[in-house]
Amino acid sequence: MGRAEVFDTAGPQPRHVAIIMDGNGRWATRRGLPRLEGHRRGVETVRQIVEACPDFGIEFLTLYAFSSENWKRSAEEVAGLMGLFRRYFRKEAANLVKRGARVKFIGDRTELAQDIQDMMASLETQSAANEKLTIVIALNYGGRGEITRAARRLAAEVADGSRSLDDVNEASIGAALDAPGIPDPDLVIRTSGEQRISNFLLWQCAYAEFLFVDELWPDFNRDAFARALAVFGARERRFGAVAG
Ligand code: IPE
Ligand code: IPE
Ligand code: MG
């Protein structure tokens, strides 16, 4: 499906779509496979969705890859996920960057292995001037942690006198978050039927539209993405004003 078809059948397109990619484990377990196999298949869905974004007019795509709470999983699953991230950054993300994508990371990277931190820094540096699709990867991310880091930074500046208390406001808090300059998400999609936010983009989601779909992430695909965008197009956003 091309961009024109989506525009013909739907209202406005989101500039920024954020996705809680949930359901990999259940996808695998239902097939008698190890959970990691579900994560592997999930990477294939990431590939399809990233490819579809430019066709659908999406400029920013945020993907929730690993939450600050996901360390609670077995050491085996965490290590398997870290291995998948390494492989994805080395090959696919590097290729996307060569093709003009900009990659950014949000989350507390200091808790990640040094080689992963190095790959993240290098992807960001190499792609900083790219202007095609911006892919924001949330890795060891939690919304409360992000807001807390921002608050501490601003508090330190007020304490050392480099910032006045009047300069602590919505704009400066937003600018102290992990990815300043990225517009708030217009649409948040969560797969797998769960209807919760799981500590994702708490500040940025103030006026996002939410869509919960039943497909498990490995079963989500370009057509399901197009359907989600059509639902978004039919929504009326009011931002607190009166309809009309
Ligand atoms: C999402 O799938 C991927 C990560 C959280 C890393 P899950 O692994 O949460 O899959 P379910 O929810 O157990 O099915
Ligand atoms: C949210 O999914 C995190 C990611 C998709 C990376 P979880 O599967 O960790 O969320 P809960 O535990 O069901 O809320
Ligand atoms: Mg889950």
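In segment 17-39, the residues that are more than 11 Å from ligand 2 (Cβ to nearest atom) form Cβ pairs under 6 Å with partners that are open to solvent by 30 Å² or more (accessible area, probe 1.4 Å), at six or more places apart or across chains, as follows: Ala28/Arg35; Ala28/Glu37.
In summary, Gln13 fulfils each of the numbered conditions (1) in a loop (DSSP other than H, G, I, E, B); (2) more than 10 Å from ligand 1 (Cβ to nearest atom); (3) modelled with pLDDT of 95 or more with the single exception of condition (3).
I'd like the full set of residues that are in contact with a strand residue (DSSP E or B) (Cβ under 9 Å, 6 or more places away or on another chain) and farther than 21 Å from Ala179 by Cβ, limited to segment 57-83.
Within segment 57-83, the first condition is being in contact with a strand residue (DSSP E or B) (Cβ under 9 Å, 6 or more places away or on another chain), and the residues that meet it are 58-68, 70-71, 78, 81-82.
If the condition is that a residue be in contact with a strand residue (DSSP E or B) (Cβ under 9 Å, 6 or more places away or on another chain) and farther than 21 Å from Ala179 by Cβ, then Trp71, Val78, Leu81, Met82 are the ones that fit.
If you go through segment 25-56 and pick out every residue that is among the polar types (S, T, N, Q) and more than 16 Å from the chain's Cα centre (by Cα), you end up with 1.
Of all residues in segment 106-119, one or more are in a helix (DSSP H, G or I) and either in contact with an Asp or Glu (Cβ under 8 Å, 6 or more places away or on another chain) or of a type in the set (Lys, Arg) (or both). The listed residues are Gln48, Gln13, and the only one of them that is open to solvent by 70 Å² or more (accessible area, probe 1.4 Å) and within 27 Å of Arg235 (Cβ to Cβ) turns out to be Gln48.
For segment 60-88, a tally of residues being part of a strand (DSSP E or B) and either over 15 Å from Ile19 (Cβ atoms) or among the aromatic types (Phe, Trp, Tyr) (or both) returns 3.
Could you check segment 127-142 and list, in sequence order, the residues that are outside any strand (DSSP E or B) and within 12 Å of the chain's Cα centre (by Cα)? Gly142 - this is the single residue of segment 127-142 that is outside any strand (DSSP E or B) and within 12 Å of the chain's Cα centre (by Cα). In this structure, Gly57 does not qualify as modelled with pLDDT under 95, part of a loop (DSSP other than H, G, I, E, B) and out of contact with any His (no Cβ under 6 Å at 6 or more places or on another chain).
The values are calculated or read from the model by the stated rules, or taken from the named source; none is laboratory data. If you're wondering where the values come from, they're calculated on a predicted model, not measured in any experiment. Glycine gets a Cβ as well: all are built from the backbone with ideal geometry, and neighbour counts include every protein chain shown. For the accessible areas, the whole protein counts, side chains as well, though only heavy atoms, and no ligand, DNA or RNA atoms are used. Shrake-Rupley method; radii C 1.70, N 1.55, O 1.52, S 1.80 Å.
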